[in-house]
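Colleague: Sharing a structure, written as structure tokens. Questions coming.
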Amino acid sequence: MVRIALGIEYDGTDFVGWQSQATGRSVQGALAVGASAVANESITINGSGRTDAGVHAAHQVAHFDTTADRECHQWVLGINSNLPPDITVLWAKEVPASFDARRSAVSRHYRYVVLQRSTRPAVLRHRCWWSRELLDCSAMTMAATMWLGENDFSAFRASGCQSSTPMRHLQSFGIYHCNSQVALEFKANAFLQHMVRNLVGVLVKIGRGGAKPSWAKEVLASLDRAEGGATAPAHGLTLMGVTYPREYQIPASSMHDRI
């Protein structure tokens, strides 16, 4: 039995999310079908985390166990030949049995893109949140810095979140511009369900002038989801990378590290 790690990118537009469900296309399910075809045995895919319906990934990481003897390039080529066009395996790597795509991860990096212009997007309609108003990025940065460190993020978790604790360590935040696009980047040890989208909802309200930066701290302290802003649409969010201990030699991101 060997354990294989995979790096994966996908367009989440037409998926019900990462996790396999009773109905609908899932990324996990499609990968299991592809890997099982190559291994000639039933394969279970385990991911670093669950992305919601509509959320994309530039560099998701997963692992599976198999008795099949294949070279890494054979896994990549074979699985890709059995996948729909909106999922691609970027690389495959044999890893120790101690490696677990979810439990071994030390941080996750997400990017949320807002398009600020007067007309609605066509090409980027599945990749961004459209805002007619210009955003005050200085105010948004000031607000986000109030969340850095280890905090109880109960005010930013979905009502159906199954995590045993609301405590998360937000390690970094940044804002980057490229023409009319504004990218909000978050890195943490882990994220609660809808956490990034709820953080973005608060920041965009502040960026539009609907609240002062200090409101971000007030929402955090409230521990009440009802005190927060709107949940940002899923399609603006992309999982950019997952970081692991150096001993596993897992790439932290794909080449898509800039907007």
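Colleague: What is the spin-label model distance, in nm, from Lys217 to Leu148 if the labels are put 7 Å beyond Cα along the C-beta direction?
Modeller: 1.4
Colleague: Related question: Check Ser20: other-chain or 5+ apart residues with amide H under 5 Å from its amide H, H built from backbone geometry?
Modeller: Amide H neighbours of Ser20: Gln28, Gly29.
Colleague: Sum up the charges of everything whose Cβ sits under 15 Å from the Cβ of Ile87, counting Lys and Arg as +1 and Asp and Glu as -1, but leave Ile87 out.
Modeller: Numbers: positive: Arg25; negative: Glu9, Asp11, Asp14, Asp86.
Net of charged neighbours comes to -3.
Colleague: Before rounding to the nearest 500, sum -39500 (n - 2.57) across all DSSP H runs of length at least 4 in the chain and divide by the residue total; then give [θ] at 222 nm in deg cm²/dmol. Provide the component values of the computation, followed by the final result.
Modeller: On the way: 5 runs with 52 residues, N = 259.
Helix-only estimate at 222 nm: -6000 deg cm²/dmol.
Colleague: Straight-line reach only, C-alpha to C-alpha below 28 angstrom: list the lysines that Lys217 could link to, leaving out same-chain residues fewer than 8 apart.
Modeller: Within the straight-line limit of under 28 Å, Lys217 reaches these lysines: Lys187, Lys205.
Colleague: For a quick check: with amide H placed at 1.01 Å from N, whose amide H comes under 5 Å from Ile43's, ignoring anything fewer than 5 positions away on the same chain?
Modeller: Amide H to amide H, under 5 Å and 5 or more residues apart or across chains, Ile43 pairs with Ser36.
Colleague: I would also like to ask the following. Residue by residue through the range 49-56, which ³J(HN,Hα) values in whole Hz follow from phi under the Karplus form 6.51 cos²θ - 1.76 cosθ + 1.60 (θ = phi - 60°), with glycine and proline marked x?
Modeller: Once rounded to whole Hz, the list reads x, 9, 8, 6, 4, x, 7, 9.
Colleague: Then there is this: Between the helical axis of 27-39 and the dominant principal axis of the chain, each derived from Cα atoms, what acute angle in degrees is found, rounded to the nearest 10?
Modeller: The two axes meet at around 20 degrees.
Colleague: Related question: Would you please state the base-10 log of I(q)/I(0) at q = 0.10, 0.16, 0.18, 0.25 1/Å for the range 2-104, with intensities from the Debye formula using one equal scatterer on every alpha carbon?
Modeller: Result of the Debye calculation: -0.23, -0.60, -0.77, -1.49.
Colleague: Can you give the convex hull volume of the alpha carbon atoms of the range 107-239 per residue, in Å³? Intermediate results must be reported in sequence, preceding the final value.
Modeller: Values: hull volume 12.9 nm³, N = 133.
Looking at the range 107-239, the number lands at 97 Å³ per residue.
Colleague: Check which residues have an amide H placed less than 5 Å from Trp129's amide H, if you skip close sequence neighbours.
Modeller: Placed amide hydrogens put Val113, Val114, Leu115 under 5 Å from Trp129.
Colleague: From the phi of every residue in the range 97-113, what ³J(HN,Hα) in whole Hz does the Karplus formula 6.51 cos²θ - 1.76 cosθ + 1.60 yield, where θ is phi - 60° and glycine or proline is x?
Modeller: These are the phi-based 3J(HN,Hα) values: 5, 6, 6, 9, 4, 8, 6, 7, 5, 9, 7, 10, 10, 10, 10, 10, 10 Hz.
Colleague: Residue by residue through the range 68-75, what is 3J(HN,Hα) from phi via Karplus (6.51 cos²θ - 1.76 cosθ + 1.60, θ = phi - 60°)? Round to whole Hz and write x for glycine and proline.
Modeller: Running phi through 6.51 cos²θ - 1.76 cosθ + 1.60 with θ = phi - 60° gives 6, 9, 9, 6, 4, 5, 5, 4 Hz.
Colleague: While we're on this one: Given R₀ = 25 Å, FRET efficiency for Asp86-Asn46 by Cβ-Cβ distance, to 0.05?
Modeller: Values: r = 21 Å, r/R0 = 0.82.
In this case the efficiency is close to 0.75.
Colleague: Then there is this: Between Ser180 and Thr13, what is the label-point separation in nm under the 7 Å Cα-to-beta-carbon projection?
Modeller: Placing both labels 7 Å beyond Cα along the Cβ direction yields 1.8 nm.
Colleague: For Cα Rg over 2.2 N^0.38 Å, the choices are (1) 0.97; (2) 1.12; (3) 1.04; which was calculated from the structure?
Modeller: The calculated read-out lines up with (3).
Colleague: Using a Förster distance of 30 angstrom, determine the FRET efficiency expected from the C-beta separation of Ser138 and Glu227, and round it to 0.05. Don't skip to the end; give the middle numbers.
Modeller: On the way: r = 24 Å, r/R0 = 0.79.
Working from the Cβ atoms, E equals 0.80.
Colleague: Quick check: pseudo-label points 7 Å beyond the Cα along Cα→Cβ at Ala37 and Arg103, how many nm apart are they?
Modeller: About 3.2 nm, to one decimal.
Colleague: Determine, for Val106, Val27, the number of other Cβ atoms within 10 Å of each Cβ, and report the residues in order from fewest to most. Can you show the working numbers first?
Modeller: Working: Val106 13, Val27 29.
Going from least to most buried by this count: Val106, Val27.
Colleague: While we're on this one: Taking neighbour counts of Cβ atoms within 10 Å as a proxy for exposure, in what order, fewest first, do Val204, Val89, Val61 appear?
Modeller: The order, fewest Cβ neighbours first, is Val89, Val204, Val61.
Colleague: Got a sec? How would Cys128, Cys137 order by Cβ neighbour count within 10 Å, fewest to most?
Modeller: Placing the least packed residue first, the sequence is Cys137, Cys128.
The numbers here are math on the coordinates, done by the rules we state, and not lab data. Everything numeric here is computed off the predicted structure, so don't read it as measured data. For neighbour counting, all protein chains shown are included, and Cβ atoms are generated from backbone atoms with ideal geometry for every residue, glycine included.
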